């Protein structure tokens, strides 16, 4: 390569990242990535912070170099120029066997460069003649958005030499005819599920990196809360300095924890177009997402397209069914989004919950409707839902399962007393719920409260004498005894 050409390219883009500091053993990942040598293409796809680059770097550095040459290229936004992209790719390969790819490299930089397909054909033929096997790792491919680059890479994959194995590390699914490659069994896919840290790896991380052993129960809880998110563990390391005890560790595993929140805000949320940011903030109040529910909450009609974009972008969205109808956000991501929503648009939170409540009511899901109604603080609406949708199912809560009774009690405890006092059915329900656990004077007081709206209701329906108590104190005591 000429001096002038070397000066035109950033040499650091060819450097394989060096992982410093103590490392945990992830033998299962190394074994899985070694399978890439059996495939023309390997896609390593996961959201930010799942350790894609680190895993590939550790694996690549462990490979024997005698008959296997590994070329690394770290991509950035400027590489969306097709000619520049392929110049860097060929230069990365040429760096491993200097001079071998000099002809296509010079042609790519020539003012009268041939058609790109002709240069790629030359590259394919050179690889075919090579006595070496090659691994080409393209890191951060999600930064490539130019369709001509995707098309030209697809051409290379269509005619790829058996000596070349391409590994793409990306946050989003690249448009590279994956269905065709899957059908031909020409692609290995390593996704978020494989990259998640196991409980064993989480425990090893704290032991090796922090020099601290936590109880197995604590490690299991941390693994569940982080969902195996590697950078989440690394960020916990900084926040736990001097407080390496189980209680402190579990307290820090939150989406609004300073380091985690900063990372998710800067590296994920703010990297998205404004319409995607708005969608994420508007829907983070939902435990589960489906298109029509998101439409209702946002009062828009394009949620399916946006959910498809999020799934394509691998944006901390977890599919809950095989049909792609229901999703949820990664737990820490949802918490971080909610924190951002509270800071920027706190006034919208009850409005969004109110819309969600009405959608669930329309879809005969009373429990979720009530929960969102409580979050919206729409007390009369919630009271109506409990009376009309929940109490009939519970038969006033007598003789039902404990879980249903606990739910009802929790809801009633959140309702203001004046709302309950204005509704005899709720007053009687409170009496029934408190029968076994409340002192008799307090229970009798609830019955007194219930009697007032009942009398008022009867007066509207009859012209009889309603001046006497519906149930005398003596009769109540007899019933309670």
Condition broken by residue 354, with the remaining ones in (1) part of a helix (DSSP H, G or I); (2) within 15 Å of the chain's Cα centre (by Cα); (3) closer than 23 Å to residue 384 by Cα satisfied:
(2)
Enumeration of residues in the stretch 342-351 that are part of a helix (DSSP H, G or I) and without any contact (Cβ under 8 Å) to a residue 40 or more places away in the chain:
342, 343, 350, 351
Take residue 44 and decide whether it is surrounded by fewer than 21 Cβ atoms within 10 Å (Cβ to Cβ) and outside any helix (DSSP H, G or I).
no
Which of (1) modelled with pLDDT under 95; (2) surrounded by fewer than 21 Cβ atoms within 10 Å (Cβ to Cβ) is the odd one out, the single condition residue 358 does not satisfy?
(1)
Residue ID - modelled with the lowest pLDDT, chosen from residues in the stretch 178-193 that are crowded, with 18+ Cβ neighbours inside 10 Å and either under 21 Å from the mean Cα position of the chain (by Cα) or more than 17 Å from residue 34 (Cα to Cα) (or both)
181
If we scan the stretch 118-127, do we find a residue that is surrounded by fewer than 16 Cβ atoms within 10 Å (Cβ to Cβ), more than 38 Å from the chain's Cα centre (by Cα) and assigned to a loop (DSSP other than H, G, I, E, B)?
no
Check whether at least one residue in the stretch 68-80 is under 24 Å from residue 32 (Cα atoms) and surrounded by fewer than 17 Cβ atoms within 10 Å (Cβ to Cβ), and report yes or no.
yes
Only one of (1) closer than 30 Å to residue 180 by Cα; (2) in contact (Cβ under 8 Å) with a residue 12 or more places away in the chain; (3) out of contact with any helix residue (DSSP H, G or I) (no Cβ under 6 Å at 6 or more places or on another chain) fails for residue 75. Which number is that?
(3)
Given the structure, is residue 93 assigned to a helix (DSSP H, G or I), out of contact with any strand residue (DSSP E or B) (no Cβ under 8 Å at 6 or more places or on another chain) and touching a residue at least 24 places away in the same chain (Cβ under 8 Å)?
no
Any residue in the stretch 281-293 that is surrounded by fewer than 16 Cβ atoms within 10 Å (Cβ to Cβ), touching a residue at least 40 places away in the same chain (Cβ under 8 Å) and out of contact with any strand residue (DSSP E or B) (no Cβ under 9 Å at 6 or more places or on another chain)?
yes
Taking the options 69, 29, 23, 56, name whichever one is touching a residue at least 60 places away in the same chain (Cβ under 8 Å), in contact with a helix residue (DSSP H, G or I) (Cβ under 8 Å, 6 or more places away or on another chain) and more than 25 Å from residue 185 (Cβ to Cβ).
23
Yes or no: the stretch 169-191 includes at least one residue that is under 15 Å from residue 85 (Cα atoms) and either in a helix (DSSP H, G or I) or in contact with a helix residue (DSSP H, G or I) (Cβ under 8 Å, 6 or more places away or on another chain) (or both).
no
Any residue at all in the stretch 259-277 that is surrounded by 18 or more Cβ atoms within 10 Å (Cβ to Cβ) and outside any helix (DSSP H, G or I)?
no
Give me the residue from the stretch 128-141 that is in a helix (DSSP H, G or I) and at pLDDT below 95 and, out of that set, surrounded by the fewest Cβ atoms within 10 Å (Cβ to Cβ).
129
Quick one: is residue 110 at negative phi, over 33 Å from the mean Cα position of the chain (by Cα) and either surrounded by 20 or more Cβ atoms within 10 Å (Cβ to Cβ) or in a loop (DSSP other than H, G, I, E, B) (or both)?
yes
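Quick grid of which residues meet (1) surrounded by fewer than 17 Cβ atoms within 10 Å (Cβ to Cβ); (2) part of a helix (DSSP H, G or I); (3) over 17 Å from the mean Cα position of the chain (by Cα):
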| residue | (1), (2), (3) |
| --- | --- |
| 300 | yes, no, yes |
| 309 | no, yes, no |
| 325 | yes, no, no |
| 337 | no, yes, no |
| 340 | no, yes, no |
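The values are calculated or read from the model by the stated rules, or taken from the named source; none is laboratory data. Every value quoted in this text rests on a predicted model; they were computed, and no experiment measured them. Every residue, glycine as well, gets a Cβ built from its backbone with ideal geometry; the counts of neighbours run over all protein chains shown.
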